[in-house]
Amino acid sequence: MRGERTPATIPLSPDVQHHVALELPGHAPWAQDVAVSPGEVRQLEAALEPLPGTVDLVSNPPGAEVWTDGRRTGLNTPVVLGPVAAGPHVVTLRMEGYGVEVGVPP
């Protein structure tokens, strides 16, 4: 079956190996092989792991130091950071003679 959304109840032929796969954009795919006996009801649980992303940083003027989560990266703008683990991060841009710009990308 294709196109089902979870949670879902899907009838499976007994005594046959079935391949169950889940996909969600931005997450690693999940898969499991399963067989059921006649009359058996089986519940599967899956935890889809978020994939790392990238952050495109630019500044005006270019050349600002890039810090992430309080640590200097050794990089300067413009730059693409990645892979970046899913979740909130604090990104700081620093340049002599300018104020410090701090942000948490969505």
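Please treat every number below as a calculation from the coordinates, not as lab data. All values derive from a computational prediction rather than experimental measurement. Don't worry about glycine lacking a Cβ; one is built from the backbone with ideal geometry, like all the others, and counts go over all protein chains shown.
Considering Cα pairs under 8 angstrom that are at least six residues apart, work out the relative contact order of segment 6-106 and quote it in whole percent.
19 percent
Once fully extended, how much extra length lies between A35 and T68, figured as 0.36 nm per residue of separation less the alpha-carbon to alpha-carbon distance?
7.2 nm
So how much slack lies between V100 and H18, counting 0.36 nm per residue of separation and subtracting their Cα-Cα distance, in nm?
Length gained, V100 through H18: 24.0 nm.
Between L44, L93, L81, find the one with the highest GNM mean-square fluctuation for the chain; connect C-alpha pairs within less than 10 Å.
In the Gaussian network model the winner is L44.
For labels at V58 and I10 in the simple 7 Å Cα→Cβ model, what's the distance in nm?
Going by the 7 Å Cα→Cβ label model, 4.3 nm.
Tell me the label only: which of [x] 41, 29, 20; [y] 44, 29, 26; [z] 74, 20, 18 is Cα extents along the principal axes in Å as calculated from this structure?
Label of the calculated value: [z].
Where is the GNM fluctuation largest for the chain (alpha-carbon springs, 10 angstrom cutoff): P62, P83, P38?
P38
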